[in-house]
Amino acid sequence: MSTTAVDRRIRSLRPPKALAVDPHTAQGSLLEEERRPDGRIERALTVFLTGAECPFTCSFCDLWQWTIDGPTPPGALTRQLESVLHALDEPPPDRLKLYNASNFFDPRAVPREDVVGIATLAAPFAAVTVESHANTIGARTLAFAEQIAGRLEVAVGLETIHPVAAAQLNKHLDLTQFDAAARFLSDNNIDLRVFVLLGAPHVPVEESVEWTVRTVEYAVERGASVVSIIPVRGGNGEMERLQKLGQFTPPVLSQLEDALDRSMRFTSTVVTADLWDAERLAACEHCASDRIERMRRLNVTGHAESRITCTRCGSA
């Protein structure tokens, strides 16, 4: 994929990577409980694999800092996953989630040599989730679905359906392409997980929650099993440039609460708030931790709860 002037500008604004990245060492792993649309609570193991950077250069992305320069060395991902699974001191959880900060079906990011090894290591799991740009879903997706013992789920970034913002994200994706990918997965009995942004650049701040909820609804209507609402984070240089131009306002904790609460009505789909680093979102210091814990409970139970009342900030 050739680079554009926009790609080069976005990359030129990035700060240096905070840490050295080893292509033979996973970034880490996480065990957590996840709710599925039928109400079951799964135990999920997420493994953050280290590999090649995604070629699409989205304006809001901060995942590049966890990737290597150049293609993923053959065999590296299999060794990373093997090491993480070997360190587990308990039976395999229900689901294995493999996030490689790129596209699982891009051979530059996941070499063909690794696919068989990963499928073999994933055999004990009832379900496997991988991430992919909608445009890289196709024959390799079907091949991997056939190779694994469990059921495949593909996580796809829809981000926003706001017409101006969607065109400005440099994602090289339109709704027609997303819809085609969603249909392809459904037709082949593969589950769809969707990522939606809160605070997408170019969305007016007073409309931010509304467009997030509309985007969640769009994903639900296209058969998403799970939708994760992700607050846009700064720090990649491009977000700071857009903030100075008045085209990006960092989301705050109350907006994430509003978006999650308003999305609880979509009962056919599990809608969750991504709470990674939620402590960094602007909020009242006296009630922020309670608000985050409330959203954590909503993520798992799906049961509506009253908002936290704070006498310090007067919010509820």
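The values are calculated or read from the model by the stated rules, or taken from the named source; none is laboratory data. Predicted model only: the values in this text are computed from it and were never measured. Neighbour counts run over all protein chains shown; Cβ positions are idealised from the backbone, glycine included. Quick note on the areas: whole protein, heavy atoms, side chains included, nothing else; ligands and nucleic acids left out. Shrake-Rupley method; radii C 1.70, N 1.55, O 1.52, S 1.80 Å.
Taking the protein heavy atoms of the range 189-316 in the context of the full set of protein chains, the accessible area attributed to carbon and sulfur is 48 percent at 1.4 Å.
Can you say what percent of the DSSP beta bridges in the range 20-172, counting only those with both residues inside, are antiparallel? Round to 5.
Details: 8 of 23 bridges.
Percent antiparallel among DSSP bridges in the range 20-172 is about 35.
Available extension along the chain between ARG296 and ASP187 is 36.0 nm, counting 0.36 nm per residue and deducting the alpha carbon span.
Taking every DSSP beta bridge with both residues inside the range 158-316, roughly what % is antiparallel (nearest 5)? Of those bridges, close to 0 percent are antiparallel.
Only aspartates and glutamates eight or more places from LYS17 in sequence, or on another chain, were considered; those with a Cα closer than 20 Å are ASP7, GLU53, ASP62, ASP69, GLU238, GLU240, ASP277.
Per-residue packing, averaged as other Cβ atoms within 10 Å, sorts the ranges 185-197, 11-23 into the order 185-197, 11-23, beginning with the highest. Computed from the C-beta positions of ALA20 and ARG108 and an R0 of 30 Å, the FRET efficiency is 0.90 to the nearest 0.05.
For LEU63 and THR4, the difference between the fully extended length at 0.36 nm per residue and the C-alpha to C-alpha distance is 19.3 nm.
Label-to-label distance for ARG214 and TRP276 is 2.8 nm, based on points extended 7 Å past Cα in the beta-carbon direction.
If you count, for each residue, the other Cβ atoms within 10 Å and average over each peptide, how do 264-272, 306-314, 55-63, 238-246 line up from highest to lowest?
Working: 264-272: 17.0, 306-314: 11.7, 55-63: 20.6, 238-246: 15.2.
Most protected by this proxy first, the peptides run 55-63, 264-272, 238-246, 306-314.
For the range 32-180, which whole percent of the accessible surface, found with a 1.4 angstrom probe, sits on carbon and sulfur atoms? Here carbon and sulfur together make up 55 percent of the probe-accessible area. Projecting label points 7 angstrom from Cα along Cα→Cβ for SER289 and ARG262 puts them 3.0 nm apart. When both bridge partners sit in the chain, DSSP labels roughly 20% of those beta bridges antiparallel. The mean sequence separation of alpha-carbon pairs under 8 Å and at least six residues apart, normalised by the residue count of the chain, gives a relative contact order of 15 percent. Of the listed residues HIS86, HIS162, HIS202, HIS172, the order by accessible area with a 1.4 Å probe, largest first, is HIS86, HIS172, HIS202, HIS162. Annotation for ARG40 and LEU13: the two label points, set 7 Å from Cα along the Cα-Cβ direction, are 4.4 nm apart. In percent, rounded to a whole number, the relative contact order of the range 91-131 is 67, using alpha-carbon pairs under 8 Å and six or more apart.
Mean sequence separation of contacting Cα pairs (under 8 Å, at least six apart), scaled by the length of the range 206-316, corresponds to a relative contact order of 26 percent. Remark: the chain carries 45 Å² of accessible area per residue (probe radius 1.4 Å; ligands, DNA and RNA excluded).
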